[in-house]
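The values are calculated or read from the model by the stated rules, or taken from the named source; none is laboratory data. As the structure is a prediction and not an experimental result, all values here were calculated from the model. In this analysis, Cβ positions are derived from the backbone assuming ideal geometry, glycine residues included, and neighbour counts consider all displayed protein chains. Just the protein is used for accessible areas: all its heavy atoms, side chains included, with ligands, DNA and RNA removed. Shrake-Rupley method; radii C 1.70, N 1.55, O 1.52, S 1.80 Å.
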Amino acid sequence: QTGPVIDMPVPSSFNDITQDRSLENFIGWVWYEKEVLLPPRWLQGEPAPRVVLRFGSAHYYSIVWVNGVQVVEHEGGHLPFEADISSVVQGSPGALCRITLALNNTLSPHTLPPGSIQYMTDKSRYPKNYFVQNIKFDFFNYAGIHRPVVLYTTPAAYIDDITVTTTSSDSVAMVQYQVSVVGSTANSLSLSLRDQEGKVVAAGDGPVGELKVLNPNLWWPYLMHENPGYLYSLEVKMQAQVGGVLLEDVYTLPVGIRTVHVTSTQFLINGRPFYFHGVNKHEDADIRGKGLDWPLIVKDFNLLRWLGANSFRTSHYPYAEEIMDLCDAYGIVVIDESPGVGIKLPESFGNKSLQHHLAVMEELVRRDKNRPSVVMWSVANEPASELPPAAHYFKTVIAHTKALDPSRPVTFVTDANYALDRGAPYVDVICVNSYFSWYHDPGHLEVIPLQLTAQFENWYKTYQKPIIQSEYGADSVPGLHSDPPMMFSEEYQQAMLREYHSVFDKKRKEYVIGELIWNFADFMTNQGTTRVLGNKKGIFTRQRQPKAAAFVLRDRYWKIANESSCLPPVITSHSLFL
């Protein structure tokens, strides 16, 4: 017995696909099912290949069956999971393979992100068993299979994982590698590192080692070098004897040679000071919600480069691997954030929540550890870090993340008072969100210089760590104009940005190492009296058209890039007449 059965595109959120209001706000279990025919060669041979079913992501809790046999469960909506389904499918060549997914988007105090279910018991006001999903974050909790679902094969013995780290000096770089093989103890590994012309520049063998690259092309951020995002290809080849048969597995990993180092006042990439002039984003668009959409992804990267943005934070969850691939290739620097948003309730700081948060960081680091674009991990956004249990919680999560990956700094993004924040002692970089003249002193642009300057000076005096303004901004309804500027007009958004920028310009000479606008584009939220079809703090509309603030930011970012770059200056005026 099921509910209505309808066609549902994958990847996509299910919420906005139909005209059904109950599906748009649905909380609970939904079921996906598809039948596929596997190639006969996947089901034959001795030893037969390993058949794997992989989900790029599904939000939030997943149970997967193949031909009625449960193959995997996974908690978390933004990271991949997979199952070896060989034993289920190899007994019946030529038969259809039925894949079934049960998906539940309910959030509890112990999920990441957390939420709570509230039952409305006043029968004079609500129907029987009426409940709402409460969340403490300001974006719509889209659900569905959000990223591609693939079937692939490997030999019975295969390359399971590769870890690469790099160090470099002027004329030589070292690429340290570690390769794990599953399914065979008697195997040989050979590695070759190729440049972009296909020439082998270093070679090695064995599961652990180091490759020496002479006169390396370093991986540089966009606008920091004339050839940003340089990637080598590391080809790893495994040969193994299994049951008297020689098996071979080959994997090619893009490798960027770059170093990251944090001082008390600077963020260094390849030994040079790097200033984050970028954005916060969301995976969010009309109709598809959080579903992966290639035209949208490419459009967004073109807008980022038009803007002169060199970086973004994956607010407030890990983004699709396809997006991360382009960051590596284009030289867009990433602060890679976990789904730890809305951690506000005391019960969300307990051991159950902590254990899941540690598991999520393991999944995230395993997925993105080899990406040169990822220069820092963010374990959370705007948690209630002034609460007493936050000290142990963030000390533990940050230490765990550093143990998983000692090569990168770790942060979380705070909106707590500098004197009360119990997690800040454990971060490498202070990331602060503030909305002076918006959520505080609304309409009073004149308070920004004093309040923002005090914010920076208080944080730096307390911690002596570099600071990123990780969020700031104002809602603007496109086409709404007011002079003098009033809230929600395009002019007010412009004016607020300029007030913030004047303080940034003073403090970036000292210890402020970055500014990330909130937000790149308008995005959907829960309905509320302060949200008109979502959050309007984008400098682009949800359809990716620029508001007036986009041009303010573009002029600024290109000016900063031209100041710090060895590249020829770029004229950025959007007027036809100079």
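So the values come out like this:
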quantity: Sites residue 286 and residue 530, calculated FRET efficiency, Cβ-Cβ separation with R0 25 Å, nearest 0.05; calculated: 0.75
quantity: Listed residue (30, 414, 543) projecting farthest to the positive dipole end of the chain, Cβ model; calculated: 414
quantity: Accessible area in the full protein assembly, largest first, 1.4 Å probe, for 22, 385; calculated: 22, 385
quantity: Spatially proximal lysines relative to residue 299 (Cα-Cα < 29 Å; intrachain offsets below 8 disregarded); calculated: 281, 290, 369, 536, 537, 547, 559
quantity: Of every Cα-Cα pair in the stretch 1-122, the percent that sits beyond 20 Å; calculated: 52
quantity: Residues residue 482 and residue 454, FRET efficiency given R0 of 35 Å [Cβ-Cβ distance, rounded to 0.05]; calculated: 0.80
quantity: Alpha carbon centroid spacing (whole Å) that separates the stretch 471-497 from the stretch 217-272; calculated: 42
quantity: Sites residue 199 and residue 563, calculated FRET efficiency, Cβ-Cβ separation with R0 22 Å, nearest 0.05; calculated: 0.05
quantity: Size of charge dipole - the chain - debye, nearest 20, with Cβ of Lys, Arg +1 and Asp, Glu -1, no other charges; calculated: 400
quantity: The stretch 158-255: relative contact order in percent, alpha carbon pairs under 8 Å with at least 6 residues between; calculated: 27
quantity: Most positive-pole-ward Cα, 94, 221, 14, against dipole of the chain from beta carbon charges; calculated: 221
quantity: Relative contact order (%) - the chain, alpha-carbon pairs under 8 angstrom, separation at least six; calculated: 12
quantity: Over the chain, equivalent-ellipsoid semi-axes from the Cα gyration tensor in Å; calculated: 39, 33, 22
quantity: Assigned charges on the beta-carbon of Lys, Arg, Asp, Glu; the stretch 158-255 dipole about Cα centre (debye); calculated: 100
quantity: Part-to-part distance (alpha-carbon centres) for the stretch 2-31 and the stretch 161-206, which is given in Å; calculated: 45
quantity: Residue list for the stretch 436-470, given a label point 7 angstrom along the Cα-to-Cβ vector of residue 264 and an amide N cut-off under 19 Å; calculated: 456-468
quantity: Exposed trypsin sites (Lys or Arg not before Pro) absent: longest stretch of the chain, with sites in DSSP loops and at most 11 other Cβ within 10 Å deemed exposed; calculated: 200-508
quantity: Axial C-alpha extent at least 18 Å, average Kyte-Doolittle at least 0.0 - helices from the chain (DSSP); calculated: 294-307, 390-404
quantity: DSSP-defined antiparallel bridges as percent of all bridges, the chain, nearest 5; calculated: 75
quantity: Between the stretch 328-374 and the stretch 42-72, the alpha-carbon center distance in angstrom; calculated: 25
quantity: Residue 274 - accessible surface, heavy atoms, 1.4 Å probe, Å² rounded to 10; calculated: 10
quantity: Distance between modelled label sites at residue 347 and residue 420, nm, 7 Å Cα→Cβ extension; calculated: 2.3
quantity: Listed residues 78, 469, 561: farthest to the positive end of the dipole of the chain (Cβ charges); calculated: 469
quantity: Difference of contour (0.36 nm per residue) and Cα-Cα distance, residue 132 to residue 506; calculated: 130.0 nm
